[in-house]
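A quick write-up on the structure given underneath.
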Amino acid sequence: MTNMIGIWDGEVVYGPAYLDIAGKLLLFEMLITEADEESFVGISKDIGGVGVSPDEAKISGFAINNTISFIKKYKRFHFFSEEGEILFDDNKKGVEIVYSGIYNEFEKKFEGEWEIVISSEQVGENWLDESCAGTWSIKKRQHNGTV
């Protein structure tokens, strides 16, 4: 595996629950500013594709051996309108987007799946979550850039 500190170029692929934009990409840069043997923190900024938010997102997670898991959280809630536009609700905090995956040694990148819970409902003693998901990857940038 690799040192996590630095700039990572990433992409998100929207899953089938996103209907009209399923399979489309969101591109982002992730700057990991602090890391120890297992955990890391940083920020992420969307830079292109479908669903770009102008807000930075906080990143916190861990990477152990070839396994990674992190949470991305934007400062405010954003969502797609029926017309496919990104809308914001300044009265709601951003939701947690959970990323998990493995390191692909051959391609020198992490890749895996992401999930966002959009609603939860208690049914008896259990909780029923409605979520959307997709795939993602990040690869460490080998030269200087900005986030």
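None of the figures in this text is laboratory data; all of them are computed from the coordinates on show. On a predicted model such as this, the values are computed, not experimentally measured, just so you know. Because the Cβ atoms are built from the backbone with ideal geometry, glycine has one as well, and the counts that use them run over all protein chains shown.
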Problem set entry | Backbone N within segment 47-68 under 13 Å of label point (7 Å from Glu105 Cα along the Cβ vector) | 65-67
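Could you work out the percent of alpha carbon pairs in the chain separated by over 18 Å, rounded to a whole number?
Values: 6198 of 10731 pairs.
In whole percent, the share of Cα-Cα pairs in the chain beyond 18 Å is 58.
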Exercise. Within the chain, what is the longest stretch that has no GluC sites (Glu not before Pro) placed in a DSSP loop and near at most 13 other beta-carbon atoms within 10 Å?
Worked result: 39-81
Seminar exercise, completed: For Val117, placing the label point 7 angstrom along Cα-to-beta-carbon and taking segment 40-69, residues whose amide nitrogen sits under 20 Å are 58-62, 69
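Test of the criteria: in segment 44-147, which chymotrypsin sites (Phe, Trp or Tyr not before Pro) are in a DSSP loop and have at most 11 other Cβ atoms within 10 angstrom of their Cβ? Numbers along the way, then the final one.
Details: sites: Phe62, Phe70, Tyr74, Phe77, Phe79, Phe80, Phe88, Tyr99, Tyr103, Phe106, Phe110, Trp114, Trp127, Trp136; in loops: Phe106.
Those satisfying the criteria are Phe106.
What ranking, highest mean first, results for peptides 43-49, 63-69 when packing means the other Cβ atoms within 10 Å averaged over each residue?
So the order, starting with the most tightly packed, is 43-49, 63-69.
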Exercise. Modelled label-to-label distance, Leu128 and Asn65, 7 Å Cα→beta-carbon offset: nm?
Worked result: 3.7
Problem set entry | Under the Karplus curve 6.51 cos²θ - 1.76 cosθ + 1.60, θ = phi - 60°, whole-Hz ³J(HN,Hα) for segment 106-113, x wherever Gly or Pro sits | 5, 8, 6, 8, 8, 8, x, 10
For this session: Using label points projected 7 Å from each Cα along Cα→Cβ, tell me how many nm separate Glu56 and Arg76, to one decimal.
Result: 1.7
Exercise. Non-local amide H neighbours of Val50 (under 5 Å, H modeled in plane, Pro and chain starts lacking H): which ones?
Worked result: Leu25, Leu26, Leu27
